[in-house]
Amino acid sequence: MADITTPLTVRDIKGLARDGKDTFHSVLLIKRLTARVAKNDNPYLSVELGDKTGSFTLTCFSDNPAFDLCKSAGEGGVLRVEGKVDYYQNKLSPKLLRAEAVSPDQLAGSPLIANLVETAPEDADLLWLELQEHVAFVQHAELRATVQAVFEEIGEPFRAAPAAVAMHHAYRHGLLEHTVHVARACRAVLPLYPEVDADLAMAGVLLHDTGKVIEYHGDLATARSRKGILQGHVVLGYQLARKAGLKAKLNPDLLERLEHIILSHQGELEWGAAVIAATPEAVFVAQLDNLDAKMGMVQRLLRQAGEADEFSEKHFGLNAALLLTKPQK
């Protein structure tokens, strides 16, 4: 396939006519790859391709020359593709015409990397500095030392990690961005609820998702690690907090309450919580976490929307298609 100097982004592709006449060239990342079998026993791949502007999923059957290429490239592989615009159930699902792998050597030093990797819209260095301010907000010495000990252990990976594989803040620095956003919300809302202990709530906010540093791995595409699959970030975060709390000599009552915030912050058992929130601080943190997770989904859909889009595709986390146009005033 000839070299493409100006490949189309996913946003560009979504802006093409839906009549099936347009073809496109692009350089995209394999974000998700799932092997399946059709009703006629024909194997096929469900391939999610994307860049920093969005993603789409296409089907590649075993008789397509790109089938073996996609399998060998795997998740995190980069492809130069030629496709034809097509939609299925109102979702962009192009027909893959041709593909070739882009090697790590070809990517090294290339501007393509910046186009492929989605990052938090806010500056990561400034977010990290702000995180330190939120740590300093915790006045109780042993609670603050507990938080500091966790970030001394996981600080560098935490700065770059995504907050999810796909659901919310699922991009580089997304975990840092999400944590800072929840901390901002915590400080803004705390005056409304004097029943909530401010130190304990902020410590819980800062540590609630730290287990995701261990749960996820991958440079270009994010996947769950062995520990992430077998234990999950709730338990992994609990372990980090307990280790740090014992090191900081945090009293047993505060340590148990902090652990409970982490174990319950997912809100519901079916959402991954180990227990249901049963302290004022745990209820408070779980609700703030859910708010920012949902609004993170909204913000990302708005960022990735095309100029002509009125609604997004249905988002699993929101259980709805999002209206993308601004209110008319």
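What follows is calculated from the coordinates using simple rules that are stated; it is not laboratory data. Quick caveat: nothing in here was measured; it's all calculated off a predicted structure. Positions of Cβ are generated from backbone atoms using ideal geometry, with glycine treated the same way; all protein chains shown enter the neighbour counts.
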Item to check | Hits among aspartates and glutamates - C-alpha to C-alpha of Lys212 under 15 Å, sequence gap 8 or more where chains match | outcome: Glu153, Glu156, Glu177, Asp289
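Please give the length that would be gained between Ala160 and Gln132 if that part of the chain were fully extended, namely 0.36 nm times their separation in residues minus their C-alpha to C-alpha distance (nm, one decimal). Present the calculation step by step, with values, prior to reporting the outcome.
Numbers: separation 28, 0.36 × 28 = 10.08 nm, distance 1.58 nm.
Full extension of this stretch gives 8.5 nm more.
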Item to check | Added length on full extension, which subtracts the Cα-Cα distance from 0.36 nm per residue, Leu192 to Ala101 | outcome: 27.3 nm
Checklist entry - Using alpha-carbon positions, what is the distance between the centroids of segment 245-323 and segment 54-99, in Å? => result 32 Å
Checklist entry - For q = 0.07, 0.09, 0.10, 0.14 Å⁻¹, what log10 I(q)/I(0) does the chain give under the Debye formula with an equal point scatterer on each alpha carbon and no solvent? => result -0.33, -0.54, -0.65, -1.10
Next on the checklist: If I take every Cα pair under 8 Å that is 6 or more residues apart in segment 243-329, average their sequence separation and divide by the length, what percent do I get for the relative contact order?
Outcome noted: 17 percent
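Peptides 266-274, 299-307: what's the order by average Cβ count within 10 Å, highest mean first? Display every interim value, and only then the final one.
Numbers: 266-274: 14.7, 299-307: 16.2.
Top to bottom by mean Cβ count within 10 Å: 299-307, 266-274.
Output the relative contact order of segment 10-111, whole-number percent, from Cα pairs under 8 angstrom with separation of 6+ residues. Mind showing how you got there, number by number?
Details: 200 pairs, mean separation 29.1, N = 102.
Worked out over segment 10-111, it gives 29 percent.
Too long at a 19 Å Cα-Cα cut-off: which of Lys294/Lys329; Lys39/Lys84; Lys14/Lys91? Don't skip to the answer; put the middle values down first.
On the way: Lys294/Lys329 25 Å; Lys39/Lys84 24 Å; Lys14/Lys91 10 Å.
Flagged as over cut-off: Lys294/Lys329; Lys39/Lys84.
What dipole magnitude, in Debye to the nearest 20, does the chain give about its Cα centre under +1 on Lys/Arg Cβ and -1 on Asp/Glu Cβ? Please report the intermediate quantities before stating the final value.
On the way: 35 positive and 43 negative charges, 130 e Å.
It works out to roughly 620 debye.
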Next on the checklist: For a Förster distance of 25 Å, can you work out the FRET efficiency between the beta-carbons of Asp63 and Ile229, rounded to the nearest 0.05?
Outcome noted: 0.15
Next on the checklist: Taking θ = phi - 60°, what integer Hz values does the Karplus form 6.51 cos²θ - 1.76 cosθ + 1.60 yield along segment 143-152, in sequence order, with x for Gly and Pro?
Outcome noted: 5, 5, 5, 5, 4, 4, 5, 5, 6, 5
